[in-house]
Structure formats: structure tokens, C-alpha cells
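I have placed the structure first, in the form of C-alpha cells, so that the comments after it can refer back to it.
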Amino acid sequence: MTTVNAMNTRPITSADRQPLKRLLQVSSSVHRHLDWFEPEDWIGSQPFLALEGYQWLSGVLACPPDPEKVAWIRLFAVAGNTPVQMVWSKLWPSVQAWGIGLDITVAAIPIHAWFREILVASQFEYLTDVVLLSWDHYPLPTFPGKLPFTIRDMNLADIPAIHQVDI
């Protein structure tokens, strides 16, 4: 394990695309925001920071503003046996320093208890619950008779209608 003093914080660059993918594949501590974007989509946006030790990504934190004055924590991931709180304590102050004077609200939707605990310890303010729905009953129920709708793969022509529903 890399020592804290041997680690440095730096912006993610396009050269980090593969190391980022590798980190996300092997990490057991990953927070991903509920949105349509992949983590690689935020490369080039700031703040998107890496904690690097001995040329390996030990952790990443991405929260570029979108919309303009709200920076959702899009990604927080920690490598293998690296202590989660240590990675947060190295990356979060850089994000805070970046946001000072910009009048930007940093927000998160924590899905995992470990991430919620980090946010609470960092004095994030709880505002509301986001309800996630899941179906845990299998097999799926059958519908008697003919369905009043059809199910098909989405195609590009569907995007304007989906956008209207999603607004």
C-alpha cells in the first residue's frame, strides 16, 4: 500500500482513460451518480481529480458543474485496499478550494452507506430522500391476454420523445 506522503492529487487527463476503467473494474468502493453519463465522459471537465501513488490511481473524485451552479458528485472511487476515508480526505479539500467564490453547490445522491457516512462526516447537509424502485419478485407476473402495448428496442428516432418525458 502506498503511503499518504507518496501520493499526489492531480486533474484526470485523457491519458487516464484506461487506468480509470481499470480502477472502476477492480474497486469495491465506487459511488456513481444516477445519470446517463459514463465516468469517462467527464474527462476534461473540472474538477475531476485523481489521487495517484507510484503511478497508479488510488482514487478519483469527479464533480464538474452541470447545471452551471450545481456540482453533483458524479464519481468517487477508491482502489482495492486503499482506505476510503484517506482518499476522500486527500481529494475533497481540492474540490472545496476550487468551489470557493464560485457560488457552486456540491451535491450528492449517496446510494451506499459507506459514502453517506463520508458525506455526513464532511458536513454535507441532508435535504431529501431519493426513492429507488426495484423488483425483487421472480418470476415476473404474466399478463392475462394481449398486452395493451409493445416492448421493443429503443432507436435514435425515439430520443426526442424520451427527452420530453425526461424533462
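The values are calculated or read from the model by the stated rules, or taken from the named source; none is laboratory data. Values in this document were obtained by computation on a predicted structure and should not be read as measured data. Here Cβ is always computed from backbone atoms with ideal geometry, including for glycine, and neighbour counts include all displayed protein chains. The accessibility values were calculated without ligands, DNA or RNA, using every heavy atom of the protein model including side chains. Shrake-Rupley method; radii C 1.70, N 1.55, O 1.52, S 1.80 Å.
In the list SER45, SER58, which residue meets the criterion of being at pLDDT below 95, among the hydroxyl-bearing types (Ser, Thr, Tyr) and open to solvent by 20 Å² or more (accessible area, probe 1.4 Å)?
Result of the check over SER45, SER58: SER45.
For VAL78, indicate whether it is open to solvent by less than 20 Å² (accessible area, probe 1.4 Å), of a type in the set (Val, Ile, Thr) and under 19 Å from ILE111 (Cβ atoms).
Here the answer is yes, as VAL78 does meet what is asked.
Given the conditions (1) within 17 Å of SER94 (Cβ to Cβ); (2) open to solvent by 40 Å² or more (accessible area, probe 1.4 Å), and given that ALA71 satisfies all but one, which numbered condition is not satisfied?
Here ALA71 clears every test but (2).
Looking at the range 27-56, which of its residues are of a type in the set (A, V, I, L, M, F, W, C) and under 29 Å from ASP166 (Cα atoms)?
The answer is VAL30, LEU34, TRP36, PHE37, TRP42, ILE43, PHE48.
Given the conditions (1) under 30 Å from ASP166 (Cα atoms); (2) of a type in the set (A, V, I, L, M); (3) assigned to a helix (DSSP H, G or I); (4) open to solvent by less than 20 Å² (accessible area, probe 1.4 Å), which single one is not true for LEU24?
Failed condition: (4).
Give all pairs with beta carbons closer than 8 Å in which a residue from the range 103-126 that is among the aromatic types (Phe, Trp, Tyr) meets a residue that is in a loop (DSSP other than H, G, I, E, B) and open to solvent by less than 40 Å² (accessible area, probe 1.4 Å); count only pairs at least 6 apart in sequence or on separate chains.
Between residues of the range 103-126 that are among the aromatic types (Phe, Trp, Tyr) and residues that are in a loop (DSSP other than H, G, I, E, B) and open to solvent by less than 40 Å² (accessible area, probe 1.4 Å), the close pairs are PHE115/ALA108; PHE124/ALA108.
Give, as residue ranges, the helices (runs of 4 or more DSSP H) completely inside the range 82-167 that count at least 1 residues that are surrounded by 12 or more Cβ atoms within 10 Å (Cβ to Cβ).
84-99, 113-121
Would you point out which residue out of VAL60, VAL95, VAL70 is in contact with a Ser or Thr (Cβ under 6 Å, 6 or more places away or on another chain) and of a type outside the set (Ser, Thr, Tyr)?
Criteria check complete, one pass: VAL70.
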